[in-house]
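Each value in this text was obtained by applying a stated rule to the coordinates, not by laboratory testing. Everything numeric here is computed off the predicted structure, so don't read it as measured data. All Cβ positions, glycine included, derive from the backbone under ideal geometry; neighbour counts span all protein chains shown.
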């Protein structure tokens, strides 16, 4: 389990405006990272609710670090992170492509901090916009503090190839 315990309900603005606009852009191939070779960029994650069984869709940023892909719950403890933690499998969508993935939550604080440090340096927007730190000033110690607040999942394909829908 992660050391993050309190769920922060998303704002009405995020639920009714920001997320729908982001999902629209991702589905149309207008979002950053649409043609990345390393699998990074904005995607829509579809994860099944652990209580309801219903599929939920949320925009997420997939980050590539040393050949592996990661998703950080940039808003802290979120519903999609809780559902992925409970069910492990999900779908990542870009345009009409859907990739079945397995999410493995990083629980080791040092591994999580190293990944957050690499993401903060490689993607300075995340460091400034979400972590509220200067990417040039980001240290391993600061990344350890962030690791306590942000769930991080390594993602791997659940099957060998994505399918078209």
Practice prompt. Quick one: go through the stretch 51-78 and flag any residue whose amide nitrogen is under 18 Å from the point 7 Å out along the Cα-to-Cβ line of residue 98.
Written response: 53-60
Discussion item. Above 20 Å lies some portion of the pair distances; for the stretch 92-165, what is it as a whole percent of all C-alpha pairs?
Written reply: 43 percent
Worksheet item: More than 17 Å apart: what percent of Cα pairs in the stretch 49-91 qualify?
Response: 33 percent
Item to complete: State the extension gain, in nm to one decimal, for the chain segment bounded by residue 107 and residue 140, taking 0.36 nm per residue of separation less the distance between their alpha-carbons.
Response: 10.2 nm
Worksheet item: For the chain, what's the radius of gyration and Dmax over Cα atoms, in angstrom?
Response: 15.0, 44
Worksheet item: In Å, what Rg and Dmax follow from the Cα atoms of the stretch 94-133?
Response: 13.5, 37
Worksheet, complete the sentence: When 71, 101, 159 are ranked with the fewest other C-beta atoms within 10 Å first, the list becomes 159, 71, 101
Worksheet item: For the stretch 11-165, what's the relative contact order in percent, using C-alpha pairs closer than 8 Å and at least 6 residues apart?
Response: 23 percent
Worksheet entry | Principal semi-axes in Å for the stretch 27-99 [√(5λ), Cα gyration tensor, largest first] | 21, 14, 10
Worksheet item: Based solely on its DSSP helices, what 222 nm [θ] is calculated for the chain when runs of n ≥ 4 H residues each add -39,500 (n - 2.57) and the sum is averaged over all residues, nearest 500 deg cm²/dmol?
Response: -8000 deg cm²/dmol
